[in-house]
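Have a look at the structure below, then the notes.
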């Protein structure tokens, strides 16, 4: 090895350093390679060409997302907590509780992501933690989030996640007690029988509120719990929805409940590919909570095969307008929910599609019909996709059916931007495709966009799921 | 060096590896050491004992926060964009815009933090980016956030940040055009003349909306801008507040505008300490926008000296209740705004304090008076603090003035949890101190907490600034 020049020693080996110990670069580690191979097999199982430009690097990106998303197995709570316990006095005199002795501290609205152990999809966790310091010391506030992340970045179920956070803080901080409330939301699980797709109540998320308490918070009917919950209610948390019965927590994952009539046959090779992914993440696939996970994950994935949902188009013939063309009127189909899978990360994106087109005054107000519209939206949604492409494909398919003038807008939340990497909670993406008159007529576009705005503004809680 | 056993080679040197090149560990790098020395001097300038337990490691934490917070100087947009440009077709046929050719794409609500170059305090940025793809290619959605972070993680002003993001995306992605809107919010700047502290209009934040456009978005009166703004209005962005005149952007930082009558004399040694920090961050302190920054930063810091704001307590004697004690009634002072500085990171935390105590029926409803209450809140706020301690100190000071029974709640947003490290936007912390009757009487506590809840629920936009 060359001498140390200006403090820079060039090592040609493709290696990295960690705590003074040389480690194989991430992309060459056996776990990364094993996950990549498994993902390639899954892509082929979805009838995809693994050399297609958009997904050539998908196996590596998925390996990176999954290994980053489960880094909690390798993290230690002690490393975060021990250096962040600060001496803090209690009351100098007088009867009461405050500061480092008895003054309740509540840290609210910590956004995190975890992986559902039932179906391997990420779920969102809004975490709220209360604790009563004792022994004249307090924990640095950001460490509540660090400790939550150690357990969230694993395959989890909401109740165990709450219990893990609570018992770890109780063990390492040794306060009078810890209380944890988690607001969990899991993406809705579509099943391809079209009726469930028409579910207007589908709001994109299944919600669950769980809690855990230790020490003075063990008794969840205590006054102290009541005070902790008051602090959450100040911020709009609906604590009355707290679920305290174990069984309904077990069933919270939509993949467990979804009784899909069209449960697709699952290829055993694909099942063993998912089992190998679980092993590469350091999990035991035979653990009782994981036994059915590969099949459930595949049930979700197979919604997005390259070829499914034969389109109802072939029996549809666009309404012929005969005789003199009367004034055309803007017709809108708004807030149609959709699911899709980002082809770059194999993570869901979900949201709503809005469609506008012109139809002659007095003619059938909706020559294409909502159910066909929804079928077209789902046809292109249920693919490995990119939002820009999905929007274009819906517009191109509709254009000949509605006389050539069509505008399509999609608004979606992307789990790959929220659950990993940049972790930008609350972010969303809108895309637009315009054909025919909508591409040149500014006022037509403005009229359609205004329709979306006024319709959604009227709804107190907009129907869009993000 | 030992042989490579199981891929792990132990190097005893206290070094790290980066891109195959050995680098001094962070804590031993000259820039880190220089910032630590400067911060020690500033702490002494605030009459603090640098060996006090709570702030012993503060110089290192501040060095880490500042160097992480300005890592953008060392990052290259090219590294994020080049590997994330995906081929994406436009329309197969027909007239229109969609997909990789002309279909407007809007990424909304990206939360970031930047450092104000006028006063060195972090400011929040909610970033919205629109672009019109061309050349049949699209950018991976998360890269808009990565590119924003390259420029946000610097000393900035809102307009230049918007222009930097816009021109970088235009240069590296080469779309038909890019549009950027930033919603910036900067913590209000207190000045110690108590009148400004009574400002009920103080909402904790100064807000500014700026924009930048390139290519087809250069003309901000174009229809395309209108459509981009519609997509932001769907999410409640008040685009009508867009500020398009350069001078008011220059003045947006409260430190520039705040005409404090009590502008404290600034110690030249402290000024040169801040100048040395700027240099260690790779900045040129003689850059015109930074000339006055050290003094402005110190103007903010000197609000939090160990001894300031002589308390109005000495002339106050608690109302003596003579004769038979009538039924006592709960009296509440809610939503009193405060600023404080986290002693661990020298970053602001800000929010509201709520105070409750009992006074005899028919007696003067507010024996202590709101202005004295506020003076006590500000006295303990304007320190290097920990929220648990501030809450306790306020309670202990009030207790003898109100007959021993007092409850104090503080609710605050901590910039050190939002602008750095865990970056948990929207998180907040509540603390409570109870003395006398409030420590044993559950219903008294519940009554007070309920008062906070109902009062804030009535206000559509709760007065609390986070």
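The values are calculated or read from the model by the stated rules, or taken from the named source; none is laboratory data. The model shown is predicted, which means the values in this text are computed figures rather than measured ones. Every residue, glycine as well, gets a Cβ built from its backbone with ideal geometry; the counts of neighbours run over all protein chains shown.
Sort out which residues of the stretch B:338-361 are under 15 Å from residue B:189 (Cα atoms) and over 22 Å from the mean Cα position of the chain (by Cα), and write them in order of number.
Once the filter is applied, which keeps residues that are under 15 Å from residue B:189 (Cα atoms) and over 22 Å from the mean Cα position of the chain (by Cα), the stretch B:338-361 yields nothing.
I'd like the residue in the stretch A:213-248 that is under 26 Å from residue B:456 (Cα atoms) and part of a loop (DSSP other than H, G, I, E, B) and, out of all such residues, is modelled with the lowest pLDDT.
First, pick out the residues of the stretch A:213-248 that are under 26 Å from residue B:456 (Cα atoms): A:220-242.
Imposing the further condition that a residue be part of a loop (DSSP other than H, G, I, E, B) reduces the set to A:220-222, A:234-238.
Details: A:220: 90, A:221: 90, A:222: 92, A:234: 93, A:235: 92, A:236: 90, A:237: 91, A:238: 87.
Top of the filtered list is A:238.
Quick check on residue A:83: is it free of Cβ contacts under 8 Å to residues at least 12 places away in the same chain and assigned by the TED database to the domain that holds residue A:253?
Details: free of Cβ contacts under 8 Å to residues at least 12 places away in the same chain: yes; assigned by the TED database to the domain that holds residue A:253: yes.
Spelling it out, residue A:83 is indeed free of Cβ contacts under 8 Å to residues at least 12 places away in the same chain and assigned by the TED database to the domain that holds residue A:253.
Just wondering, is there one or more residues in the stretch A:407-422 that are free of Cβ contacts under 8 Å to residues at least 40 places away in the same chain, closer than 24 Å to residue A:120 by Cα and either buried (at least 23 other Cβ atoms within 10 Å of the Cβ) or within 7 Å of chain B (Cβ to nearest Cβ) (or both)?
The initial filter retains those residues of the stretch A:407-422 that are free of Cβ contacts under 8 Å to residues at least 40 places away in the same chain, namely A:417, A:422.
Imposing the further condition that a residue be closer than 24 Å to residue A:120 by Cα reduces the set to A:417, A:422.
After this cut, where a residue has to be either buried (at least 23 other Cβ atoms within 10 Å of the Cβ) or within 7 Å of chain B (Cβ to nearest Cβ) (or both) as well, the list is A:417, A:422.
Yes, some residue in the stretch A:407-422 is free of Cβ contacts under 8 Å to residues at least 40 places away in the same chain, closer than 24 Å to residue A:120 by Cα and either buried (at least 23 other Cβ atoms within 10 Å of the Cβ) or within 7 Å of chain B (Cβ to nearest Cβ) (or both).
For residues that are touching a helix residue (DSSP H, G or I) at 6+ places or on another chain (Cβ under 7 Å) and part of a helix (DSSP H, G or I), scanning just the stretch A:394-406, find the one that is surrounded by the fewest Cβ atoms within 10 Å (Cβ to Cβ).
Looking only at the stretch A:394-406, we keep the residues that are touching a helix residue (DSSP H, G or I) at 6+ places or on another chain (Cβ under 7 Å), and these are A:394, A:397-398, A:405-406.
Retained after the next criterion (residues that are part of a helix (DSSP H, G or I)): A:394, A:397-398.
On the way: A:394: 25, A:397: 17, A:398: 24.
Filtering first and then ranking leaves A:397.
May I ask you to say which residue of B:335, B:366 is surrounded by fewer than 22 Cβ atoms within 10 Å (Cβ to Cβ) and modelled with pLDDT under 90? Break it down stepwise before answering.
Details: B:335 fails: modelled with pLDDT under 90.
Every option except B:366 fails the conditions.
I want to confirm something. Restricting to the stretch B:50-87 and keeping residues that are more than 14 Å from chain A (Cβ to nearest Cβ) and part of a loop (DSSP other than H, G, I, E, B), which single residue is farthest from residue B:283 (Cα to Cα)?
B:50
Per-residue answers, yes or no, for (1) assigned to a helix (DSSP H, G or I); (2) crowded, with 24+ Cβ neighbours inside 10 Å:
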position	(1), (2)
A:145	yes, no
A:165	yes, yes
A:168	yes, no
A:184	no, yes
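Name the one entry in A:108, A:71 that is crowded, with 21+ Cβ neighbours inside 10 Å and under 23 Å from residue A:425 (Cβ atoms).
Values: A:71 fails: crowded, with 21+ Cβ neighbours inside 10 Å.
It is A:108.
Modelled with pLDDT of 95 or more and under 26 Å from the mean Cα position of the chain (by Cα), is that true of residue B:131? Working first, answer last.
Working: modelled with pLDDT of 95 or more: yes; under 26 Å from the mean Cα position of the chain (by Cα): no.
Judged against the criteria, residue B:131 is not a match.
Condition first: at the interface with another protein chain (Cβ under 7 Å from one of its Cβ atoms), in a helix (DSSP H, G or I), in contact (Cβ under 8 Å) with a residue 60 or more places away in the chain and over 21 Å from residue A:397 (Cβ atoms). Now tell me which residues in the stretch A:423-461 satisfy that.
Matches in the stretch A:423-461: A:456 only.
Quick one: count up the residues across the stretch A:273-292 that are part of a helix (DSSP H, G or I) and surrounded by 14 or more Cβ atoms within 10 Å (Cβ to Cβ).
Of all residues in the stretch A:273-292, those part of a helix (DSSP H, G or I) come to A:273-280, A:288-290.
Next, from what is left, pick out any that are surrounded by 14 or more Cβ atoms within 10 Å (Cβ to Cβ): A:273-280, A:289-290.
So the count comes out to 10.
Residues A:94, A:90, A:103: which one is at pLDDT below 95, facing chain B (nearest Cβ under 9 Å), surrounded by 24 or more Cβ atoms within 10 Å (Cβ to Cβ) and part of a loop (DSSP other than H, G, I, E, B)? Show your work before the answer.
Details: A:94 fails: surrounded by 24 or more Cβ atoms within 10 Å (Cβ to Cβ); A:90 fails: surrounded by 24 or more Cβ atoms within 10 Å (Cβ to Cβ).
Residue meeting the stated conditions: A:103.
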